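Laboratory data are not the source of any read-out in this text; all were calculated from the coordinates shown. The structure presented is a predicted model; accordingly, all values stated were derived computationally and were not measured. Here the Cβ positions follow ideal geometry from the backbone for every residue, glycine too, while neighbour counts run over all protein chains shown.
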Amino acid sequence: MAYVNGRKRIVILGGGCGGVVAATKLGRKLGADHDVILIDRRPNHIFMPAFLFVMVGQRQPWDISRSLSVLQKRNVKVTQSEILGIDPLRQEVALQKEKINYDHLIVSLGLQTRPDLVPGFAEASIHPWEMESAVRLRDTLANFRSGRIVVGVPLGPYRCPPAPYETQWMLDGYFRQRGVRDRVEIEYFTRDPEPAGEAHDPVVWMDAESRRRNIKQNYEFVVRAIDPEKKEVLGLYNYKLRYDLLVMVPPHRPAQVLLDSGLADTETGIRVDYDTLRTKWDNVYAIGDCADMPASKAGGVAHQEADVLAHNLAVEITGKGRPVDLWLHTI
Ligand SMILES: Cc1cc2nc3c(=O)[nH]c(=O)nc-3n(C[C@H](O)[C@H](O)[C@H](O)COP(=O)(O)OP(=O)(O)OC[C@H]3O[C@@H](n4cnc5c(N)ncnc54)[C@H](O)[C@@H]3O)c2cc1C
């Protein structure tokens, strides 16, 4: 087993928003009495919400990355490795060079982008949903002086549902600042129906804000493919949208290792108990974008879940304090 003399080993998979918060809190609460280990393929935490600022040149990639090694100061051991497999029956995780056991496993592996799910996407869309593509978009925008930019979303889950609206508005502001907004058309498409309801409803408000900025909104537009030659987005029922620059969000799916290990049950992730974030496997929890929760795939959600789970796990391990309930604030 992973522990000797009551010492527990808590393994956290993923050093994104959820993983970093869970590790920080557990490291602080458990101190040197237990082992908290965080594993990520990258040496750095990358703050993805700031990709939009990279897109418009207000941040550089290094401004939004921090070394995960700083967690060592909080009693967290950081291991950089690809996670190749998870065996919840043996309580074991396979890394590139070793296998490690755990007493408690927190899975916060986010979602992976899957450009291959929309034919033509990889050749056509330059988007701020990954660092490399956000930098490419910044460079493309710098040379874009007139034409039609189409922003849009795919079917299925994706990181941060409001971010495609923020993308439109930041593009609007960017071209206004450059004094060429009247030569740049911006359009948006979404698979969702036209929002209806009270003006303060977030989706109604976001829709109104886009129109106020003279951004045309296309609803119930379901993408089937993209034709990069003709520069057309091809939707169901023969609807088409022409573009000069396509800024479409890539399709997202659970991390490959979760699919291969059979942990992800659905297109949106690992089924969890909505109150405790426990999975159907003993001592395995899922948080953040990889958890199939009735909540946005958002860093704010991952943070709240990590905070509550780390607290409750520390209470369970140390026997000190009281568990708290999960109250999610999400749109
Ligand atoms: C453009 C954009 C704007 C956004 N804006 C906001 C916003 O304003 N507010 C908000 O709350 N959220 C926002 N988000 C969403 C937010 O970034 C995510 O919801 C959040 O990062 C999810 O945290 P997570 O810990 O679940 O996963 P992630 O942050 O995705 O972390 C997963 C980690 O797992 C690692 N990993 C995955 N697979 C493996 C493997 N096999 N081996 C090793 N390591 C692996 C990855 O390297 C990564 O570090 C935005 C996202 C984007 C892209």
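General remarks:
- For N283, net neighbour charge (Lys/Arg +1, Asp/Glu -1) across residues whose Cβ lies under 11 Å away: 0
- Database remark: amide H of G152 closer than 5 angstrom to the amide H of F189, V247, M248, V249 (H placed geometrically; neighbours at sequence offset of 5 or more, or on other chains; Pro and chain starts carry no H).
- Global geometry of the range 258-331, whether rounded, prolate or oblate, following the gyration tensor of its Cα atoms and the 1.5 cut on a/c: oblate
- Three-way shape call for the range 200-270 based on the alpha-carbon gyration tensor, with the a/c threshold at 1.5: oblate
- Prolate/oblate/rounded call for the chain, Cα gyration tensor, a/c under 1.5 rounded: prolate
- Coupling constants for the range 136-150 follow from the phi torsions by the Karplus curve (6.51 cos²θ - 1.76 cosθ + 1.60, θ = phi - 60°), and in residue order they are 5, 5, 3, 5, 5, 4, 4, 9, 9, 10, 7, x, 10, 9, 10 Hz; glycine and proline get x.
- Computed from backbone phi, the HN-Hα couplings of the range 319-327 come to x, 9, x, 10, x, 10, 8, 8, 10 Hz, rounded to whole numbers (Karplus: 6.51 cos²θ - 1.76 cosθ + 1.60, θ = phi - 60°; Gly and Pro given as x).
- Pair-distance distribution P(r) for the range 114-248, from all Cα-Cα distances in 10 Å bins starting at 0: 11, 45, 36, 8, 0 percent.
- Here the Karplus curve 6.51 cos²θ - 1.76 cosθ + 1.60, taken at θ = phi - 60°, turns the phi angles of the range 161-167 into couplings of x, x, 4, x, 5, 4, 4 Hz, with x standing for Gly and Pro.
- Bridgeable lysines around K25 (alpha carbons under 16 Å apart, same-chain partners fewer than 8 residues away excluded): K8, K73, K77, K320.
- The sum of -39500 (n - 2.57) across all DSSP H runs of n ≥ 4, divided by the residue count of the chain, sets its helix-only mean residue ellipticity at 222 nm to -8000 deg cm²/dmol.
- Lysine pair number, Cα distance threshold 19 Å (strictly under), the range 183-308, separation 8 or more or different chains: 4
- Mean projected area of the Cα convex hull of the range 1-156, taken over all directions, amounts to 11.7 nm².
- In loop segments of the range 85-176 as defined by DSSP, the trypsin sites (Lys or Arg not before Pro) with at most 14 further C-beta atoms inside 10 Å of their C-beta are R90, K97, R145.
- Each distinct pair of alpha carbons in the range 1-79 adds a 1/r term; the inverse of their mean, the Kirkwood radius, is 13.5 Å.
- Rel. contact order, % - alpha carbon contacts under 8 angstrom, at least six apart, the range 224-331: 15 percent
- Counted over the range 114-248, the DSSP beta bridges are approximately 35% antiparallel.
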